[in-house]
1. Counting only residues that are assigned to a helix (DSSP H, G or I) and surrounded by 24 or more Cβ atoms within 10 Å (Cβ to Cβ), how many does region A:154-165 have?
2. Kindly evaluate residue B:97 against the criterion of being more than 22 Å from residue A:135 (Cβ to Cβ) and out of contact with any strand residue (DSSP E or B) (no Cβ under 9 Å at 6 or more places or on another chain).
3. Restricting to region A:82-96, count the residues that are within 20 Å of the chain's Cα centre (by Cα) and part of a strand (DSSP E or B).
4. Can you say whether residue B:21 is assigned to a loop (DSSP other than H, G, I, E, B), open to solvent by 10 Å² or more (accessible area, probe 1.4 Å), at pLDDT below 95 and within 13 Å of another protein chain (Cβ to nearest Cβ), as far as the supplied structure shows?
5. Can you tell me which residue within region B:29-67, out of those that are of a type in the set (S, T, N, Q) and open to solvent by 20 Å² or more (accessible area, probe 1.4 Å), is farthest from residue B:96 (Cα to Cα)?
6. Just to be sure, is residue B:4 of a type in the set (D, E, K, R), open to solvent by less than 70 Å² (accessible area, probe 1.4 Å), modelled with pLDDT under 90 and more than 25 Å from residue A:144 (Cβ to Cβ)?
7. Out of A:81, A:105, report the one residue that is over 30 Å from residue A:309 (Cα atoms), of a type in the set (D, E, K, R) and either within 14 Å of chain B (Cβ to nearest Cβ) or open to solvent by 50 Å² or more (accessible area, probe 1.4 Å) (or both).
8. Select from region A:112-125 the residues that are open to solvent by 20 Å² or more (accessible area, probe 1.4 Å) and part of a loop (DSSP other than H, G, I, E, B) and list them in ascending order.
Amino acid sequence: MPERRKVVIIGSGPAGLTAALYTARAQLAPLVFEGEPSSTSDQPGGQLMLTTDVENYPGFVDGIMGPELMGIMRAQALRFDAELRTAKVSRIDVTPRPFELWVGDPAAEEPTALADALIVATGARALMLGVPNEDRLIGYGVSTCATCDGFFFREQPVAVSGGGDSAMEEAIFLTRFASKVTVVHRRDELRASKIMQERAFANPKIEFAWNSTVSEILGDTKVSGLRLQNTVSGDASEIAVNGFFVAIGHEPNSALLKGQLELEANGYVKTFDGTTRTSVDGVFACGDVQDHYYRQAITSAGSGCMAAIDAERWLEERGQ
Amino acid sequence: MSEKIETFTDATFDENVKASDVPVLVDFWAEWCGPCKMISPVLEEIAQEHEGKIRIGKLNIDDNLDVTRRFDVMSIPTLILFKDGEPQVRLIGAKPKGQLLEEISAYL
């Protein structure tokens, strides 16, 4: 028999764990499917597990390491008896009441869990470029996690692709190790925040390849360089690097929700009236899976709190 | 840390891995690596469930650069399964337990 819960939460980044904390304190005994280990950001703890210093989460004067912050949030949710399960939800069906969730075989006849209210906090993941050799050279110079792999490029030239805050953060972090960091960006100006831009421009180890895209990653058994294409002139060129870090943006982890919840054209979950309500009554969405604008740990945690309160009141109205 | 998980260093790597009668899974990790922390509990479970059939040891890359370089580790976590001292399977990045077990199942 599938177990029935008042609240089930999918995801365990700042949004999922804050929703867990609040619903646990409201005596709703939430069950959290926290995901499974991976290095591509849909893992327990979410995207912060792949970062280092978090300097803008209020309450930590000197900053805190991403994984440490998530460890604290997890412990805090557990303190109030939220149940966290290291498993990935493979399918949901939000047509019946209670809602149905599967772990493991999505074709299994019987769901794994039933939820009166469902909170979706599946987050977002880093986009890859999709250029030749990218997949083959992951772990051999192509990295999705600068904080994990920067160490291996001591005194070597590396490149970062992207022009946003994450790209600048990675580039600045990589200057601790690399001899030179080339930021490859498709336009002639950055999208990153002012403070990150200033830091990047002031760093003598960072160079910029403006109006450029990566058309191919070069290397036989390890990355040896990049082939670039100029977006204005169309000219091709090559740069020699031993490491390549991709930071071109994010996409929501919403594949699970397709056909179940109304999504925006860009794949993010639609929420309504400034709340966390989705197109399905009783299903709430919070964190990066429904936010392509702010995308901060603190806004994510804030919307996790909103989802918990929305779910709690919704259950109350139904006398559940 | 469980006593089932061993700790290898540059100095002890060869005697432990080369001379082992059973396959040895080596976890290249570091304190500052989030995904490495995620797979720690998974490795402890595997070590307990398959005791006697496989040995699992952690190698801190910060402190043990020789072995790290010898096997060209450029990303962590990297797991390398050794049999008779030779690398057989190489897994890059954190992976769920089921997938990990599947990749090394031929050696259990």
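The values are calculated or read from the model by the stated rules, or taken from the named source; none is laboratory data. Bear in mind that the values here come from a model prediction, so they are computed numbers and not experimental data. All Cβ positions, glycine included, derive from the backbone under ideal geometry; neighbour counts span all protein chains shown. For the accessible areas, the whole protein counts, side chains as well, though only heavy atoms, and no ligand, DNA or RNA atoms are used. Shrake-Rupley method; radii C 1.70, N 1.55, O 1.52, S 1.80 Å.
1. So the answer is 0.
2. So residue B:97 passes the test.
3. Residues that pass the stated criteria total 5.
4. No: the conditions fail for residue B:21.
5. That would be B:60.
6. Considered against the rule, which asks whether it is of a type in the set (D, E, K, R), open to solvent by less than 70 Å² (accessible area, probe 1.4 Å), modelled with pLDDT under 90 and more than 25 Å from residue A:144 (Cβ to Cβ), residue B:4 comes out as yes.
7. Sole residue among the options that is over 30 Å from residue A:309 (Cα atoms), of a type in the set (D, E, K, R) and either within 14 Å of chain B (Cβ to nearest Cβ) or open to solvent by 50 Å² or more (accessible area, probe 1.4 Å) (or both): A:105.
8. Within region A:112-125, A:112, A:122 meet the criteria.
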